[in-house]
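Student: I have a structure here, written as structure tokens, and I will follow up with some questions on it.
Every number in this text was worked out from the coordinates using simple rules, so none of it is lab data. What you are looking at is a predicted structure, and each value in this text was computed from that prediction instead of being measured. Because the Cβ atoms are built from the backbone with ideal geometry, glycine has one as well, and the counts that use them run over all protein chains shown.
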């Protein structure tokens, strides 16, 4: 039967960074048996105002929670930035671009953007940095730049945001298991891999129950 693991994320979502090891473990454990699809959810797309000190405080609180729950590292010097515009659209569009050019590199690229932003304090709203990270995953620099800056990729990224919304996703990360026309919500929010593995094992083995269906896509 047609199956797919759908992961809805944003490359600049701190809880998605916390979830990054889980995504990696899902890919390692099940990727050879079931296709894994990434959808860019759009946490703060097209934000155009610099972060205020209040916003920095709120975001720092989230990062501290993610660090405590997941153990993922953070470069706290991010909060010394002045005038940073927390627009997640470019990073989402870069993910969609990589998915379009080299689908098998999308998971690694997502992990690289997460690490660059959260652990290395790199500005992943910057097209040059996104290009560098894409090149590191084996994508031609000119191909990336041409596609990334195209109207088509802007539309495809907006399409991801729309799909996420119509699927009922209201937070990231969200993992949905699709079996034919049926979609089952595996998790909405951060979960360690060990807590998800028993459910994934049952689903891959074809033992999921009808009453678990909570989403349609």
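Student: Can you find, within segment 171-191, the residue that is surrounded by the most Cβ atoms within 10 Å (Cβ to Cβ) among those that are in a loop (DSSP other than H, G, I, E, B) and touching a helix residue (DSSP H, G or I) at 6+ places or on another chain (Cβ under 9 Å)?
Tutor: 172
Student: Still on this structure, I have one more. Taking segment 195-206 on its own, how many of its residues are without any contact (Cβ under 8 Å) to a residue 40 or more places away in the chain and under 16 Å from residue 173 (Cα atoms)?
Tutor: Residues in segment 195-206 being without any contact (Cβ under 8 Å) to a residue 40 or more places away in the chain and under 16 Å from residue 173 (Cα atoms): 1 in total.
Student: Looking for something within 27 Å of residue 195 (Cα to Cα) and surrounded by fewer than 17 Cβ atoms within 10 Å (Cβ to Cβ) - is there at least one such residue anywhere in segment 97-107?
Tutor: First, pick out the residues of segment 97-107 that are within 27 Å of residue 195 (Cα to Cα): 104-107.
If we keep only those that are surrounded by fewer than 17 Cβ atoms within 10 Å (Cβ to Cβ) too, we end up with 104.
Yes.
Student: Looking at (1) surrounded by 16 or more Cβ atoms within 10 Å (Cβ to Cβ); (2) part of a loop (DSSP other than H, G, I, E, B); (3) in contact (Cβ under 8 Å) with a residue 60 or more places away in the chain, can you tell me which one residue 33 breaks?
Tutor: (1)
Student: Condition first: part of a helix (DSSP H, G or I) and either under 17 Å from residue 35 (Cβ atoms) or in contact with a strand residue (DSSP E or B) (Cβ under 9 Å, 6 or more places away or on another chain) (or both). Now tell me which residues in segment 95-107 satisfy that.
Tutor: The initial filter retains those residues of segment 95-107 that are part of a helix (DSSP H, G or I), namely 95-101, 103-107.
Residues satisfying the conditions are 95, 96, 98, 99, 100, 103, 104, 105, 106, 107.
Student: Would you mind finding the one in 110, 130 that is closer than 19 Å to residue 21 by Cβ and part of a helix (DSSP H, G or I)?
Tutor: 110
Student: Out of 157, 125, report the one residue that is closer than 20 Å to residue 44 by Cα, surrounded by 15 or more Cβ atoms within 10 Å (Cβ to Cβ) and in contact with a strand residue (DSSP E or B) (Cβ under 7 Å, 6 or more places away or on another chain).
Tutor: 157
Student: Have a look at 23, 6 and point out the one that is in a strand (DSSP E or B) and in contact with a strand residue (DSSP E or B) (Cβ under 7 Å, 6 or more places away or on another chain).
Tutor: Only one candidate passes the filter, namely 6.
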